[in-house]
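A.B. asks: Dropping the structure in here first, questions after.
The values are calculated or read from the model by the stated rules, or taken from the named source; none is laboratory data. The structure presented is a predicted model; accordingly, all values stated were derived computationally and were not measured. Don't worry about glycine lacking a Cβ; one is built from the backbone with ideal geometry, like all the others, and counts go over all protein chains shown. We work out accessible area using only protein heavy atoms, side chains counted, and drop any ligands, DNA or RNA first. Shrake-Rupley method; radii C 1.70, N 1.55, O 1.52, S 1.80 Å.
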Amino acid sequence: MPLVNAIDLVREASAKNAAVLSFVCIDYNEARAVVNAAERTGKPAIIMLLPEYVTQYSLNGFGEFAAMVKFMAGRTDARIGLHLDHSYDEAEARWAIECGFTSIMFDASRDDLETNIRRTRAMVEYAHARGVAVESELGSIGLASERAGEKTDLFTKPDAVALFCRETGVDSLAVAIGNAHGDYLQTPNLDLARLDEINAATDTPLVLHGGSGIPEDQLVEAFRRGINKFNYGTDVKRCYIGAIHDYMARHEPPGSLDVLGIPAAVQQAMTDLIARKLVLSKL
Ligand SMILES: [Zn+2]
């Protein structure tokens, strides 16, 4: 079927008190694994690109990546969305939109509230005029390695949520409630009471980043209490690297042409992991 707009999956999840799962992908192998897992489980999924894979690591172009995902979506019965993760720069976000991204995250959460509102509102106006949805961030999610998930002063403040959503017109909002990006130094403990307050303050669907390492009982509860999109990445990257190491260990000598089997090996390992996570979605 044709590519689904990611925000439609998020809104469907919101209507069902559920969450759609969303995966940053670095390449074809990872995107293929998401589609395979979506097919296996019958669950929708969103494929995301981090802009720095284009702008810093030259792995791909926005247009090439968008075209790849659109083609893959068109060749499966699974419902697949496309989304640009954390863009901090207006020109970059506009570039991705022009290249075919139908949903983006514009992240001005490092700015003060007034500036965050002003920049986000301008990006929302630009994106909506082109039929593109915008996710933004309030509070600061930060890095797990810096214990961001334990710094409550960086958490999303419920009393700012209604103002922010009303003034910017964002389509979805990423929140900081004890979650953080990367590997947690200790098991996170989501502030679900804060999530309740945030959810009561707005009808805008809420997004949870930093999903790897959050216990599944907390995830299920968060999905029930207002999280409608869930970003899951670090565990998948670890799976990808581990599958390469396992494959090479089984195929001595190093450097032999058995390297041709790596794509199938990594896709299989990531498909299994992603499928196990996708079943958490009630969609
Ligand atoms: Zn994030």
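A.B. asks: Mind listing just one residue for me: the one in segment 219-233 that is within 18 Å of the chain's Cα centre (by Cα) and part of a helix (DSSP H, G or I) and, of those, surrounded by the fewest Cβ atoms within 10 Å (Cβ to Cβ)? Show your work before the answer.
C.D. replies: Here is the first cut: in segment 219-233, the ones within 18 Å of the chain's Cα centre (by Cα) are 219-220, 222-223, 226-233.
From the residues that got through so far, the ones that are part of a helix (DSSP H, G or I) too are 219-220, 222-223.
Working: LEU219: 20, VAL220: 13, ALA222: 23, PHE223: 24.
Checked segment 219-233; the qualifying residue surrounded by the fewest Cβ atoms within 10 Å (Cβ to Cβ) is VAL220.
A.B. asks: Considering only segment 114-146, state which residues are farther than 22 Å from VAL4 by Cα, touching a strand residue (DSSP E or B) at 6+ places or on another chain (Cβ under 8 Å) and away from the ligand (no atom under 15 Å from the Cβ).
C.D. replies: Our first condition is that a residue be farther than 22 Å from VAL4 by Cα; within segment 114-146, this holds for 114-122, 137-146.
Adding the requirement that they be touching a strand residue (DSSP E or B) at 6+ places or on another chain (Cβ under 8 Å) leaves 116, 119-120, 137-139, 141-144.
Across segment 114-146, the qualifying residues are ASN116, ARG119, THR120.
A.B. asks: Sort out which residues of segment 137-164 are more than 18 Å from PHE106 (Cα to Cα) and either hydroxyl-bearing (Ser, Thr, Tyr) or crowded, with 24+ Cβ neighbours inside 10 Å (or both), and write them in order of number.
C.D. replies: Listed by number, the residues that qualify are SER145, GLY149, THR152.
A.B. asks: Moving to a separate point now. So ASP203 passes all but one of these: (1) surrounded by 17 or more Cβ atoms within 10 Å (Cβ to Cβ); (2) away from the ligand (no atom under 16 Å from the Cβ). Which condition number does it fail?
C.D. replies: Status for ASP203: all satisfied but (1).
A.B. asks: Please go through segment 184-205 and pick out each residue that is in contact with a Lys or Arg (Cβ under 8 Å, 6 or more places away or on another chain) and either in a strand (DSSP E or B) or acidic (Asp, Glu) (or both).
C.D. replies: Selection gives ASP196 alone.
A.B. asks: Tally time: how many residues in segment 234-262 are farther than 17 Å from ILE47 by Cα and either polar (S, T, N, Q) or open to solvent by 50 Å² or more (accessible area, probe 1.4 Å) (or both)?
C.D. replies: Of the residues in segment 234-262, 17 are farther than 17 Å from ILE47 by Cα and either polar (S, T, N, Q) or open to solvent by 50 Å² or more (accessible area, probe 1.4 Å) (or both).
A.B. asks: Scan segment 124-132 and tell me whether some residue there is among the aromatic types (Phe, Trp, Tyr) and in a loop (DSSP other than H, G, I, E, B). Walk me through it before giving the result.
C.D. replies: Let us first name the residues in segment 124-132 that are among the aromatic types (Phe, Trp, Tyr), namely 126.
Those still in the list that are in a loop (DSSP other than H, G, I, E, B) too: none.
No, segment 124-132 contains no residue that is among the aromatic types (Phe, Trp, Tyr) and in a loop (DSSP other than H, G, I, E, B).
A.B. asks: What about SER109, is it in a loop (DSSP other than H, G, I, E, B), in contact (Cβ under 8 Å) with a residue 24 or more places away in the chain and within 13 Å of the ligand (Cβ to nearest atom)? Before the answer, list the steps.
C.D. replies: Values: in a loop (DSSP other than H, G, I, E, B): yes; in contact (Cβ under 8 Å) with a residue 24 or more places away in the chain: yes; within 13 Å of the ligand (Cβ to nearest atom): yes.
When the stated conditions are applied, SER109 passes them.
A.B. asks: Among residues belonging to segment 169-183 that are of a type in the set (Val, Ile, Thr) and in a loop (DSSP other than H, G, I, E, B), point out the one that is nearest to the ligand (Cβ to nearest atom). It would help to see each step written out before you state the result.
C.D. replies: Start the filter on segment 169-183 by keeping residues that are of a type in the set (Val, Ile, Thr), which leaves 170, 175, 177.
Narrowing the set further to residues that are in a loop (DSSP other than H, G, I, E, B) leaves 170, 177.
Working: VAL170: 15, ILE177: 13 Å.
Result: ILE177.
A.B. asks: Can you find a residue that is more than 18 Å from ALA201 (Cβ to Cβ), open to solvent by 50 Å² or more (accessible area, probe 1.4 Å) and of a type in the set (A, V, I, L, M, F, W, C) anywhere in segment 165-181?
C.D. replies: Scanning segment 165-181, I find no residue that is more than 18 Å from ALA201 (Cβ to Cβ), open to solvent by 50 Å² or more (accessible area, probe 1.4 Å) and of a type in the set (A, V, I, L, M, F, W, C), so the answer is no.
A.B. asks: May I ask you to verify whether SER136 is modelled with pLDDT of 95 or more and among the small types (Gly, Ala, Ser)?
C.D. replies: Working: modelled with pLDDT of 95 or more: yes; among the small types (Gly, Ala, Ser): yes.
Yes: the conditions hold for SER136.
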